[in-house]
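The values are calculated or read from the model by the stated rules, or taken from the named source; none is laboratory data. What you are looking at is a predicted structure, and each value in this text was computed from that prediction instead of being measured. So basically every Cβ, Gly included, is an ideal-geometry build from the backbone, and we count neighbours across all protein chains shown. In case anyone asks, the SASA skips ligands and DNA or RNA and just uses the protein heavy atoms, side chains included. Shrake-Rupley method; radii C 1.70, N 1.55, O 1.52, S 1.80 Å.
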Amino acid sequence: MKKYAYLFLLLVFLLTTLATTAQPDDDLLAPPEVVGEVVYIPFPVAITLDGDLDDWAGVPVITVERGTMTSDDPANNGAFSFAVASDGELFYITMESVDANIVTGQHGRDFWNEDSLEFYLNLSEDLAVSAYTSAIFQININPGDIGNSDPAVLTITGTNSGSAQVRAYVFETGDGWGFEAALPLPFTPEHGQEIGLQAHANGSVAGEGRDVKLIWSLADSTDTSWQNPSVFGRGIFFEVGRTDIPQPGAATESTPEPEAEAMAEYVIRVNQVGYFPWGIKIAVYPTEAEVDVPVEWALVAVDDGARVETGLTQPSLRDRASGDIVNLIDFSAFTTPGTYQLQAGDAYSAPFEIGDDIYRQLTHDALAYFYHNRTGIPIEAQYVGETWARPAGHVTDNNVTCFKGVDNTGREWPGCDYTLDASGGWYDAGDFGKYVVNGGISVWTLLNLYEFDPEAFGDGSLSIPENTNDVPDILDEARWEMNFLLGMQVPPGQPQAGMAHHKLHGVRWEGLPMLPPTEWDNDNAHANPAGGRYLMPPSTAATLNLAASAAQCARLWQPYDAEFAARCLQAAEIAWQAAQDNPVFLYGNIPGEGGGPYDDSNVQDEFYWAAVELYLTTGDTQYYDRLKASPYFQNGGWQPGKESAMYWGDVAILGTLSLALHHDTLPEADSQIVRDQISRIADGYLNIIEGEGYRVPMPVTGYSWGSNSGVLNNALVMAYAHRLTGDERYLDGVIQSMDYVLGRNGLNFSFVSGYGTHSMMHPHHRFWAGEPANGFPFPPPGVVAGGPNANPSDPAAQVPQVAGQPTSRRYIDHRDSYSTNEVTINWNAPLAWVAAYLHGNH
């Protein structure tokens, strides 16, 4: 009777769903799948994670051969299979890939770019939601973990993977590899209960990157599950022994994000924060076609709807970087403070303010970024609020040794027989690494802001623990990083003594989201090289960053702490000599994972910068002779069309800017060279602004990683030109650069968190991961995203909806987009600098 009853029920099932599936075996624990739409999850089923799949007997197996990129070789990533079950507390899944040539460990943590298997779960109550919440997971498991004996020790990636508590056993098979995994369910399943479910396989047949993508859910036809959970299929819990077969229900309508809904109404692009009464005020009105007749615009008061100013748009032009046809609205003549919107036809802008204090708070919030990201100290609620308070991170950096082992190029590194106190400093970006070359330019920018305007951030001006010590707070904040840089210097008596270690981080990228750990096993005994945190080898570039920033530190700290100033100067002079002795000790990606390479094959710009800072601090002619002999003295390393005046790998202009600040101490001829050089570079950026529809100092050929920092650093140079010459054109250039960052761009989007109607909310950051219920807050206000990237390199941004756009639109506000939406110290530093300059010029 059991056999015939089951066949009758199966026939009913097939007729009801109109699905074409194979007739199941008698011993199946659940109905077969509705192809590409529904998988039944039998429960309760007892599963043990051990690589032995005997306990999966009777669980239906689904085989997938379709996707956006299929393999021509059935034996090599031609298909994958999966099965799912539950014991009532845990969700279980096993997946296997047919894979004759397993490719793993060749793309860092970009496991999606080689052989790997992924499963996705939507355990929320909204199966139609189109954006990830804390109850939706993407789990990528790779064959690098084959043979792991502890299911809890696993390398996983994917959205929310760090909070999913996944355990897995990865194994080889006769024709490839696979795994079985488990994770806790947030509910006790009931018969017929539905969840979102998806399964993917990534394959690399040739080993040069992903060339196979297989996808189970038929709704995901463009590989967007990483971003859009609404394209998942369904998993329906099926109680073993039941005879009724539950059917999927209709998906509930997901509520659209209020911001996205609101911004659809705002067509005219403006600085969403505001404009100065006395400053240039330009908005951009994009249209679908060029128009020969100007369009009438009106400035409307938000409080009563009154039209307070009208005018006509300027002629249309095509903005090459965005592809938009734009019309400019110049309302600079209007000076009355208040809150307004622009209107042209049926189009409106987001509301904005006209007032003198539009950047007052931004200057403080942008500088608060650095306290938020300090290591080795608790981030206290009294300074940042309860939302962003957290325990101290990586206090164990006070005792760390050198990396020892083989890097990803096959080179063996011997390690060292010393440890350093490399505590303190700032987390560099969204991860937990600390890098000397990025620290150097960031410290310079903060110290230069103080040197540019010593009264701007006095004691008590910032919300930091040191704000009552009679020292300007901006110097206190920079000192936190400076102490770390000093701690990275190789001690006397060691090989390369006096040089600086390039960076400090773990050998694996940390999961996301993740709270910075207070303590970490640095593996100083090299007993667990897979999990250690190490000093990476010294480099000439890092050594000269230390020399330059420490020399700058020495002259600025002399009035406040002569002992600390002397320590900085001694370190700078020792580092300078060490760099002379090791002028080409360049750096590559070691150990190949867990931190960015920051490799630099040209260090002549660092030699020039360090020589300038040492000369300005000591007056020693050896440094003056060295800087005068550098070709960078004449041009600062700049040429027409250059995207950014400076970044961590191109620092020559830092030296020129420091000389410009002290140009009166130079011989008149040299002083004139420096001033002319600054004006020439600033003129280049003004010319770029005039040629771009969105009035940004970024050439159409630009938009590399961290493009927003290029815009802000170029604005910094124009601010120098304004100060040196008094020419208001340069101040206009600075204002328009900030207009771009705060919303007047092709995306109609403010790249600074908390500033603007539609602003960045989902940075690539371990702690600011946007899961408040799980202890991971959204970012505090004043954090700037990297911005559009012409060549995005993360899966979140490599989809056609992003990577297929014109260059200035290749951005996504997504936590996994490290190549467009990461945040870093050397991007927030110029944001703070430029905001402070503009606020100080009102």
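Some notes on this structure:
- The C-beta contact set for segment 205-227 (first residue at positive phi, second residue open to solvent by 10 Å² or more (accessible area, probe 1.4 Å), distance under 6 angstrom, 6+ apart or interchain) comprises GLY209/ASN113; ASP223/THR68.
- Within segment 624-651, being over 12 Å from GLN677 (Cα atoms) and touching an Asp or Glu at 6+ places or on another chain (Cβ under 7 Å) holds for GLY649, ASP650, VAL651.
- Filtering segment 485-539 to residues that are of a type in the set (S, T, N, Q) and outside any strand (DSSP E or B) leaves GLN494, GLN496, THR518, ASN522, ASN524, ASN528.
- Test: residue in segment 229-238 that is among the aliphatic types (A, V, I, L, M), part of a strand (DSSP E or B), closer than 21 Å to PRO795 by Cβ and open to solvent by less than 20 Å² (accessible area, probe 1.4 Å): no
- Of all residues in segment 190-208, exactly one satisfies the criterion of being in a loop (DSSP other than H, G, I, E, B) and open to solvent by less than 10 Å² (accessible area, probe 1.4 Å), namely SER204.
- Checking every residue in segment 634-645 against the condition of being surrounded by fewer than 20 Cβ atoms within 10 Å (Cβ to Cβ) and hydroxyl-bearing (Ser, Thr, Tyr) gives zero matches.
- Checking the stated criteria, PHE187 turns out to be outside any helix (DSSP H, G or I), of a type outside the set (Ser, Thr, Tyr), surrounded by fewer than 14 Cβ atoms within 10 Å (Cβ to Cβ) and modelled with pLDDT of 85 or more.
Residues are listed down the side, and each one gets a yes or a no for (1) of a type in the set (Asp, Glu); (2) open to solvent by less than 10 Å² (accessible area, probe 1.4 Å); (3) under 17 Å from the mean Cα position of the chain (by Cα):
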| residue | (1), (2), (3) |
| --- | --- |
| THR701 | no, no, no |
| ASN714 | no, yes, no |
| LEU731 | no, yes, no |
| MET738 | no, yes, no |
| ARG744 | no, yes, no |
| MET761 | no, no, yes |
| HIS764 | no, no, yes |
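- Residue match in segment 333-350 (condition: at pLDDT below 95, open to solvent by 70 Å² or more (accessible area, probe 1.4 Å), assigned to a loop (DSSP other than H, G, I, E, B) and farther than 22 Å from LEU747 by Cβ): no
- Among residues of segment 634-678, those that are part of a helix (DSSP H, G or I) and under 20 Å from GLY440 (Cβ atoms), counted: 10
- Answer from ALA46, ALA30, ALA19 - the residue that is of a type in the set (Gly, Ala, Ser), surrounded by 15 or more Cβ atoms within 10 Å (Cβ to Cβ) and at pLDDT 95 or above: ALA30
- ASP220, sole failed condition from (1) assigned to a strand (DSSP E or B); (2) surrounded by 22 or more Cβ atoms within 10 Å (Cβ to Cβ); (3) among the charged types (D, E, K, R): (1)
- Residue within segment 478-485 that is in contact with a Cys (Cβ under 7 Å, 6 or more places away or on another chain) and either open to solvent by 60 Å² or more (accessible area, probe 1.4 Å) or of a type in the set (A, V, I, L, M) (or both) present: yes
Yes/no matrix, rows are residues, columns are (1) charged (D, E, K, R); (2) at pLDDT below 85; (3) under 30 Å from TYR348 (Cβ atoms); (4) under 28 Å from the mean Cα position of the chain (by Cα):
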position	(1), (2), (3), (4)
THR222	no, yes, no, yes
SER225	no, no, no, yes
THR243	no, no, no, no
GLN247	no, no, no, no
ALA262	no, yes, yes, yes
LYS281	yes, no, yes, no
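- Qualifying residue in segment 564-576 (condition: outside any loop (DSSP other than H, G, I, E, B), open to solvent by 40 Å² or more (accessible area, probe 1.4 Å) and either more than 30 Å from ILE653 (Cα to Cα) or of a type in the set (Val, Ile, Thr) (or both)): yes
- Residues that are acidic (Asp, Glu) number at least 2 in the following strands (runs of 3 or more DSSP E) confined to segment 53-164: 90-99.
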